[in-house]
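Notes to accompany the following structure.
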Amino acid sequence: MIRLDSITKSFGDAVLLENASLHIKPRNRIGLIGTNGVGKTTLFRIILDQEPVTEGSLFRRGGLQIGYVPQEVDNLSADTILSETLSVFPRLSGLETQMQSLTEQIQHTASDKLLKKLGKLQEEFETLGGYSLEVKAKVILCGLGFQEAGLLKSARSLSGGWKMRVALAKVLLQNPDLLLLDEPTNHLDLESLIWLEKFLSDYEGSMMIISHDRYFLDRLVTHIAEIHHLRITTYTGDYSHFEKYKSQRLELLSRQAKNQEKKIAQTERFIERFRAKNTLATRVKSKIKQLEKLERVEIPGGSQKKIKFTFPQPPRSGLKVVNISKVRKAYGDVVVYDQLDYTVERGDRIALVGPNGAGKSTLMKLMAEVISPDEGCLTIGHNVSRSYYAQHQQDGLDLQRTVLQNIEGLSEHATVTSVRSYLGAFLFSGDEVNKKVSVLSGGEKARLALARLLINPANFLLLDEPTNHLDIQSQDVLINSLKQYTGTLVVISHDRRFINEICNKVAAIENGSIREYPGNYDYYLWKKSEQEKSVINREAPAEVSSNKLSYAQRKIRQKQQRKQQRRIEKYESEIALIEGRIQGVEEQLQDPANARNYVQLQELMAVKSTLQTELDQKYELWVEAQEETL
């Protein structure tokens with residue numbers, strides 16, 4: 001379909017690709033990965049013929065239809081959302097207009113000529129799929145989160161994220177030979193993301209996807225194309241296979257490089273020792289030539305930069321971090337919450353989930369006191385300090401100031417040197433700290449916004465889509481840092497791996513109410529599925545109703561249920577006990593009196609690790625016991 005042979009792409013002195021090659025075949029599903037700014041979007045523009053190559057060749061199959069969804073979408077027309085989506089088929093729109101005009105004429109002046117003409121137009125319209133197209137468009141738009149009743153609203157009035165969904169719907173409706181999707185998940189909620197995965201899994205064409213969502217890539221792609229060191233390397237398999245292969249290959253190359261360095265050192269010592277001996281001059285020359293011809297083992301990714309930071313541990317807060325009582329919040333006639341009660345306790349790591357418009361960001365803004373409730377009471381707990389990372393946190397950056405100037409002054413005790421070191425952990429090193437924010441990429445702005453947020457530790461973090469625009473390596477470091485964080489955390493994220501790794505509770509928001517699930521996102525999905533099955537089973541007619549069971553059978557069943565309930569309560573008590581012990585160990589670890597007692601600190605860390613393993617095992621047993629009651 002498409003083949004790039006030894007292409008080079010440069011912008012002035014800046015080279016993005018050099019002697020790079022790529023072959024996209026029918027039915028290929030390729031995940032395009034690489035760090036921010038490495039040239040992924042530029043490669044898409046080359047494939048689309050929007051950017052010329054500096055050197056090399058691009059071959060494209062004749063008549064190939066390509067659908068492209070960029071990260072940012074320009075203004076749409078003032079037409080309705082539905083008509084804007086259908087506008088990708090201009091011939092059908094023209095036919096529909098002609099048919100409507102002819103119908104109006106026939107109502108006034110019927111004639112065989114007009115009827116025959118209308119029949120031909122209708123036949124062509126049907127052949128092109130016109131009658132089913134609107135239904136398909138509605139299915140796609142609703143799958144991406146739109147409500148059918150709102151499809152007649154103006155497309156121009158939509159926010160950037162919803163405009164991107166319309167652009168995605170237009171491309172999916174076209175069903176092109178090749179889909180190019182640049183970060184398609186950034187503006188989707190989890191429900192829409194899961195729908196898109198299902199839709200794309202059934203898609204018969206080829207696709208190339210730029211995404212930092214490894215779950216998304218694992219479920220869809222058959223190949224990974226990595227841009228690294230100006231080249232494109234293609235690997236067979238999903239992202240997890242790629243990561244495992246890269247790790248094994250890096251380990252092998254590291255061993256080879258180490259062995260090679262030993263041999264080189266031995267050869268250099270031989271040359272140095274016997275250089276002056278005439279009797280060994282021939283052998284010395286031979287050794288020198290060997291070194292000159294030797295191909296050194298190169299370790300890819302050795303110089304690749306990653307975010308490296310850990311959270312300074314914040315001061316301890318009171319038990320209740322936020323208490324929400326009888327809260328009402330409305331925007332005009334739209335009531336988001338009415339009589340809402342909810343409490344966040346110290347140590348909670350809560351993921352807020354629910355469809356767009358359910359009120360996730362509203363709840364987070366209430367907790368951050370960015371907005372106030374219309375009625376009711378919201379109380380912040382004792383000694384609680386908050387840091388709030390908004391979904392569009394980058395908008396708060398001063399575009400005309402430098403990276404360094406955007407950080408200076410945020411920490412009272414920081415020096416210029418310490419601020420530069422801190423920025424280095426976020427990949428802004430050397431002269432990069434003097435760049436104006438206006439020239440930074442989306443990913444760089446996201447990193448800078450995180451750096452501004454985290455320079456002063458808080459014991460209550462509110463993070464709204466913190467992984468947007470972060471590459472996978474940067475996400476890994478953020479996840480590892482949050483695992484070490486001892487404060488309280490509330491997040492909104494469509495990244496399932498992020499939620500699974502760091503959250504211990506899921507708060508599902510729907511119709512103005514909150515239902516909390518202990519565990520991560522996978523557990524929440526499983527539990528929700530089991531609840532739906534339970535509802536179906538209750539509604540379905542039972543083969544043998546309980547009142548038809550014998551007295552003895554009912555007694556046996558009741559005894560089993562009581563026994564199972566006691567088992568669940570036993571695990572819950574044990575879990576609470578272990579969590580209390582872990583809390584006690586953490587308090588000792590944070591005690592300033594133990595700060596220099598390294599032997600005791602190591603012992604406490606070992607105790608905590610043992611307790612955490614025991615806690616995980618108890619949670620597994622508790623989940624199993626819960627399952628058996630269903």
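The values are calculated or read from the model by the stated rules, or taken from the named source; none is laboratory data. Please read all numbers here as calculations on a predicted model, not as lab measurements. FYI the Cβ positions are ideal-geometry reconstructions off the backbone, even for glycines, and counts take in every protein chain you see.
Data table
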item	result
Residues (more than 29 Å from the chain's Cα centre (by Cα) and over 23 Å from E444 (Cα atoms)) located in the stretch 5-48	D5, S6, I7, T8, E18, N19
In the stretch 323-358, the residues that are closer than 15 Å to F460 by Cβ and not in a strand (DSSP E or B)	R346, G347, D348
Test result for L151, within 19 Å of Q473 (Cβ to Cβ) and more than 17 Å from the chain's Cα centre (by Cα)	no
Output for the stretch 330-356, where each listed residue is within 12 Å of A507 (Cβ to Cβ) and surrounded by fewer than 19 Cβ atoms within 10 Å (Cβ to Cβ)	T343
Hits in the stretch 319-329 - residues which are out of contact with any Lys or Arg (no Cβ under 7 Å at 6 or more places or on another chain) and surrounded by fewer than 19 Cβ atoms within 10 Å (Cβ to Cβ)	K320, N323, S325, K326, R328
Candidate set: the stretch 539-570, residues that are aliphatic (A, V, I, L, M) and either part of a loop (DSSP other than H, G, I, E, B) or surrounded by 10 or more Cβ atoms within 10 Å (Cβ to Cβ) (or both); chosen: the one modelled with the highest pLDDT	I568
Any hit, the stretch 368-385, residues being in contact (Cβ under 8 Å) with a residue 40 or more places away in the chain, in a helix (DSSP H, G or I) and either surrounded by 13 or more Cβ atoms within 10 Å (Cβ to Cβ) or in contact with a Ser or Thr (Cβ under 7 Å, 6 or more places away or on another chain) (or both)	yes
Within the stretch 490-510, considering residues that are assigned to a strand (DSSP E or B) and surrounded by fewer than 21 Cβ atoms within 10 Å (Cβ to Cβ), the one modelled with the lowest pLDDT	E510
Pick from the stretch 242-270, criterion surrounded by 15 or more Cβ atoms within 10 Å (Cβ to Cβ) and under 22 Å from the mean Cα position of the chain (by Cα), ranking: modelled with the highest pLDDT	F242
The one condition in (1) farther than 30 Å from G34 by Cβ; (2) in a helix (DSSP H, G or I) that S421 fails to fulfil	(1)
Every residue from the stretch 386-423 that is among the small types (G, A, S) and surrounded by 17 or more Cβ atoms within 10 Å (Cβ to Cβ)	S387, A390, A414
Considering residues of the stretch 429-450 that are over 23 Å from E72 (Cβ atoms) and not charged (D, E, K, R) only, the residue surrounded by the most Cβ atoms within 10 Å (Cβ to Cβ)	V433
Qualifying residue in the stretch 135-145 (condition: assigned to a helix (DSSP H, G or I), in contact with a Gly (Cβ under 7 Å, 6 or more places away or on another chain), aliphatic (A, V, I, L, M) and closer than 29 Å to V221 by Cα)	no
Out of Y388, Y342, Y337, Y331, sole residue that is without any contact (Cβ under 8 Å) to a residue 24 or more places away in the chain and not polar (S, T, N, Q)	Y331
Selection status of S387, of a type in the set (S, T, Y) and touching a Gly at 6+ places or on another chain (Cβ under 8 Å)	no
Any hit, the stretch 4-25, residues being modelled with pLDDT under 90, within 23 Å of S240 (Cα to Cα) and not in a helix (DSSP H, G or I)	no
Positions within the stretch 512-538 being farther than 24 Å from Y215 by Cα, at pLDDT 90 or above and not β-branched (V, I, T), in sequence order	G512, S513, R515
